[in-house]
Every structure is written in C-alpha cells, then in structure tokens.
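First comes the structure, then the notes that go with it.
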C-alpha cells in the first residue's frame, strides 16, 4: 500500500524535481520510504512513496526493475495471492531477489503482459514501463479499491498519480467541473456520470476506471480496455440454499485467510453490523492456536440512539478480541473537517466518513497498520433496505404469489404501512413515487433526481444554475430488476464512492484497509445466486445469515435494523465551530458565483454541500 506517480513526455525531458514534487505531496500514503527513477532518455519518470507491509527490507523498494532493467514498476496495493503466483513462476525458472508481492507482479507481467491481470486477487493500481517497447502499461483493480488519476496533454505529456493533488503539484490547472459540482448540490451522491465514467470533480483530470488498463506508446497514443466484468447471464437456479451458504462460507474464509498475509500488525474495523462482525468471527475461526492477537477498532457515539456498542460487545465477547474505541464528537469533527476535505479531494455526502476517519486515526495510535473491513457486502447481497423496493416491484410482475409473501414479510419485519402503490394525499401520485424512489436513484445514478427548476436548487446562483436548465434530469421509473441494480452498484456507481472514502481515510493515517467481500471470486459467485437467496422472508443478505449463523452471535445474525457508522450529524452541524465554517464556505461560494446571494433556502443539505464543495474546489 503506497502512493505512485509517473510522467511521460514527448517533446521535453522530465526534471527530477517534477516527479519528486508529486511524491512529496502524498508522504502520508508512504511514510516508510520514497523512490524516483528516470530512464536514460529522461522522457519517462516513475515515483513511489512506500508504506511497508510485505517484505520490509530495501529489496522491496520501488520503483523496482526486472529483466535486466527492461521493466520498471511503481505499484500501490496488495496482491493477496502472490505466494501462489510466486510458486508458479519459480517452477518456470524465474528467480526472485525479494519476498515482495511487487516483484511477483512485475515478473508475472514480464511473462504474460496484460493477461497477468486475470491471475490477480488483490487491490491495485500500478504502472510498468517497458524500455524495449517504449510503452507504459497502467492498470487498476476490478472494483477500484486503489485510485489512479491522470492528465493527458495530447502530443506533449501523460502524467498519472494516486491522488489528484499530485497533478496540481505538477502544475495541472485546478479548474472545477461545473456539471459534477451542480449535480452534487442536487444530490450529494452525484459525483460520477456513468456516461463519462473517467470524469472527476476537476476539468481535464481523469480517473482510470475500475477493471481497466491503458497503454501509452512512444507517440503518446492512449489505448484503453476493460479486462473484467460481471456476467449477469450466469445464474445457478438449481443450487440449494444450503449448498450456496456452504460455498459462500468457503470462499469468504479463503478471502479472509489470504488478506491476513502481512509482515506488520493486522486488525479489524468493527461496526457491530453483520458484515464487519462476520470478518472478525472468521478471523477467530482461523485462530485456534492463538497465533493471531486480534484487535478491533470501532467508533461509538455517546448518548446517541444509533450507537452500536451493544452489538460490538457481543462480537468482542464471542471472539475475545482486544477492543479499542473512539468516540467522535462535534469538536473533533469541526477540528478535522477541512483537513478531511483536503484528503478526500472530491466532495462527500455526510459525516459518516468522519467516523471512519477517526477509526483509522485510532488504529495508527495503537500501532496497527492493516485493517480488514466488511465493506462491499451490501452491493452484492442486497444489504440496503432500498433494494426491497426493486425486488418487490420485480416480483409483482414476474411471480405474484412470491410477491405477496415477501410483501407481507417486509411489512411484518420493517414497515407495516409499506406499499408500492403511490398514495395521493397532499401530493400528486407522481411526486409521491419520486419520494419513494429518490433514495434508490441516489445510490444508483449520479444525475439529478428532480428537475433543476425545483426548489432544491434555490440555493444556487441563477446564472450558474441556468447552464444546466432542463438537462440531465431523470424520470422516476426504473426498468431494471434486482440483479441489474446490484450490478450498477458494484460496477457503475455506488461502491466506487465508498471505496474512495476508505482509501483516502486510511491513507491519511498511513493505514491499509483490506476488503474480503471484494474478492472477485466471492462477488462472481454471489452474482450466480437467485435473488430469493439474497432477499428472503423480509431479510436482506439471507444466504449470508445462513452461511455464518453458527459462528456469529445470534443477535448479530438476525439483526433487523441496519445502521453502520452513523453519527449525530444534525446535532454536530449546529455547533458554533461548524456554523463558522459554514458561513466562511457560503461566502466563498457567493463570491465565486455559485451560491445565490438572495437564497430562499439554506437547509442542512445545502450547508453541508457548501462546506465540502468550498473546501474542495478552486474558489
């Protein structure tokens, strides 16, 4: 886990200070060392900041070379199955100079070129320069756990980095992408346009999409390709729930096992929910000889109804893990909010990101470098409650008896008044339907869920708003079923935001976060299962509850509610410190012509958006 940078120029030589500036600004990603390399022609430079995780010796330092200097790599991430890959390569006669996964990755690429990506189980963003072919190869992991951004000045230069701020340090102009900015004010999850997935919050700065690689040839021509995707046509309708649960257990156990590989201390993030509790209990299952001194890190909220301390303690008691707690509060929130915006680089939708920030800070204080976390399960197992709406709507058309059974079960467990039908009281039927579906769109689509001329945009300057009048709005209808929506959340929009939060929060404190649920073997298997194994009898994640009910406390397995790290944001936003930050942010946005000086509304959503936008964008 590290930070990377690179420069390829066509018309000028690269200066050493240019690549060093790019790595200096991300010292937080790699406090254990730095490295820089320029090729003989000085038209290519690679940079690296190191967070030592596997093979702590200098033999694993980067940029790393292979095959008599033909290949040079800068790599951020972990290849969890590197030991198995190393054994295969040794059998082919390849000799290694280190015990690192970096060298295994480099040797694998030298052997198989882009086909090596199919063999990798890991999180990664890396670049390899081939001096013989004069070609740069860049790749990103299947789900986008590790970031890779780039700036391309056609015919002149290609510059890439882990974080956007590195490109600014190189000299790329910091200009706002007004379309994304506008959409964020309408919908705080709207940071990606699925039609232009490489776009970021800033003009001319792109992200390499998950599951993609690109090559840059000697003439600075870019070729980009998607190397992996989920197949919605693979459906195993004959597998029993018992066999599905057993297979899921086996795959996730293996995923946890290889994600424990480390030469530094490993712990877990524990929220008290089903996902993180399962990870902690699976680690405990592999600890019969007490070789793993398991430590958990959690955020608690005193005197708040959504504090999950009760459930955390159930898991801690069951596993005898050593537990550590942080208690985020409004003062700490105000103290760190602007700093957190700097690390996050693009706006984010709420204070739950701060709870994760505090957990990473706690892990650093306790000297634990690597944390396993339960993120990624909801998007494959239909863990969010809004998935019920999609599933029930699909069942109503396709299977009326099952629809009636599941509707009744949902009402009994969650909401006795739930209905798919719009109810016209003081609202039109159309508006009521929008109110029901809007939360779903906020998780699925990065585009406004309401017309831009509605009251939700009164906070914006009319001149700014009118650029987007009657553009990029959505109807309230959703034609896809549950499988399609889960695909979108995994591979289009939803998960990518959460992974960005996790990467920036963990790396702000030089911590590494590993996500066992995002093994592609696990996700591919879950997508072969029938929908009724995910939502069943009013339960989300039903196959998961069946798979792990024998190792989880019963109170966790059959929890009805779902919270996660949800802080008392409403209360925090009323503090004097946050009011001062808000006032300053709104003033900056007024001066920039984005916020309406004669605004009619300034609700909590508007105030939050103003803070994170003003402290992210160029104002």
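The values are calculated or read from the model by the stated rules, or taken from the named source; none is laboratory data. Quantities reported herein were computed from a predicted structural model and do not represent experimental measurements. Quick reminder, even Gly has a Cβ in these numbers, built from the backbone with ideal geometry, and neighbours come from all protein chains shown.
Which one of 152, 168, 185, 160 is in the same structural domain as residue 12 (by TED's automatic domain parsing) and in a helix (DSSP H, G or I)?
Matching residue, one of 152, 168, 185, 160: 168.
Inside segment 225-253, can you point out the residues that are more than 24 Å from the chain's Cα centre (by Cα), part of a loop (DSSP other than H, G, I, E, B) and closer than 22 Å to residue 121 by Cβ?
Scanning segment 225-253 gives 234, 236.
Test each condition in (1) part of a loop (DSSP other than H, G, I, E, B); (2) free of Cβ contacts under 8 Å to residues at least 12 places away in the same chain; (3) crowded, with 17+ Cβ neighbours inside 10 Å for residue 403 and report the one that comes out false.
(1)
Just the residues that are within 25 Å of the chain's Cα centre (by Cα) and in a loop (DSSP other than H, G, I, E, B), please, taken from segment 63-84.
80, 81
Can you find even one residue in segment 85-96 that is assigned to a loop (DSSP other than H, G, I, E, B), touching a residue at least 60 places away in the same chain (Cβ under 8 Å) and more than 24 Å from the chain's Cα centre (by Cα)?
No, segment 85-96 contains no residue that is assigned to a loop (DSSP other than H, G, I, E, B), touching a residue at least 60 places away in the same chain (Cβ under 8 Å) and more than 24 Å from the chain's Cα centre (by Cα).
Applying the selection to segment 191-201, what residues are under 23 Å from residue 168 (Cα atoms) and touching a residue at least 40 places away in the same chain (Cβ under 8 Å)?
Answer for segment 191-201, where residues must be under 23 Å from residue 168 (Cα atoms) and touching a residue at least 40 places away in the same chain (Cβ under 8 Å): 191, 192, 193, 197, 200, 201.
List pairs: first residue in segment 64-78 and touching a residue at least 60 places away in the same chain (Cβ under 8 Å), second residue assigned to a loop (DSSP other than H, G, I, E, B) and buried (at least 17 other Cβ atoms within 10 Å of the Cβ) anywhere in the structure, Cβ distance under 6 angstrom, at least six positions apart or on different chains.
Correct list of pairs: 70/131; 74/62; 74/63; 76/146; 76/162; 77/146.
Among the residues of segment 214-229, how many are in contact with a helix residue (DSSP H, G or I) (Cβ under 9 Å, 6 or more places away or on another chain) and crowded, with 20+ Cβ neighbours inside 10 Å?
Final tally of qualifying residues: 0.
Tell me whether segment 193-211 contains one or more residues that are touching a helix residue (DSSP H, G or I) at 6+ places or on another chain (Cβ under 8 Å) and at positive phi.
Checking segment 193-211: at least one residue is touching a helix residue (DSSP H, G or I) at 6+ places or on another chain (Cβ under 8 Å) and at positive phi.
Taking residue 284 and the conditions (1) touching a helix residue (DSSP H, G or I) at 6+ places or on another chain (Cβ under 9 Å); (2) within 20 Å of residue 375 (Cβ to Cβ); (3) modelled with pLDDT under 95; (4) in a loop (DSSP other than H, G, I, E, B), which numbered condition does it fall short on, given that it satisfies the others?
Checking residue 284 against (1) touching a helix residue (DSSP H, G or I) at 6+ places or on another chain (Cβ under 9 Å); (2) within 20 Å of residue 375 (Cβ to Cβ); (3) modelled with pLDDT under 95; (4) in a loop (DSSP other than H, G, I, E, B), the one that fails is (4).
For segment 495-510, indicate whether the set of residues that are modelled with pLDDT under 95 and either in a loop (DSSP other than H, G, I, E, B) or closer than 25 Å to residue 590 by Cα (or both) is non-empty.
No, because not a single residue in segment 495-510 is modelled with pLDDT under 95 and either in a loop (DSSP other than H, G, I, E, B) or closer than 25 Å to residue 590 by Cα (or both).
What's the number of the only condition in (1) at pLDDT 95 or above; (2) within 30 Å of residue 552 (Cα to Cα); (3) touching a helix residue (DSSP H, G or I) at 6+ places or on another chain (Cβ under 9 Å) that residue 243 fails to meet?
(3)
Those residues that are modelled with pLDDT of 95 or more, buried (at least 21 other Cβ atoms within 10 Å of the Cβ) and within 24 Å of the chain's Cα centre (by Cα), I need them from segment 301-327; list them, please.
312, the sole residue that qualifies.
Does residue 351 satisfy being under 26 Å from residue 577 (Cα atoms), buried (at least 16 other Cβ atoms within 10 Å of the Cβ) and under 29 Å from the mean Cα position of the chain (by Cα)?
Considered against the rule, which asks whether it is under 26 Å from residue 577 (Cα atoms), buried (at least 16 other Cβ atoms within 10 Å of the Cβ) and under 29 Å from the mean Cα position of the chain (by Cα), residue 351 comes out as yes.
Just one of (1) under 15 Å from residue 334 (Cβ atoms); (2) in contact with a helix residue (DSSP H, G or I) (Cβ under 7 Å, 6 or more places away or on another chain); (3) crowded, with 19+ Cβ neighbours inside 10 Å trips up residue 608, so point out which.
(2)
Pairs needed: first member in segment 291-302, in a strand (DSSP E or B); second member anywhere, at pLDDT below 85 and surrounded by fewer than 21 Cβ atoms within 10 Å (Cβ to Cβ); C-beta distance under 9 Å; at least 6 residues apart or different chains.
none
Can you find a residue in segment 7-21 that is under 24 Å from residue 502 (Cβ atoms), assigned by TED's automatic domain parsing to the domain that holds residue 166 and surrounded by 15 or more Cβ atoms within 10 Å (Cβ to Cβ)?
No, the conditions are met nowhere in segment 7-21.
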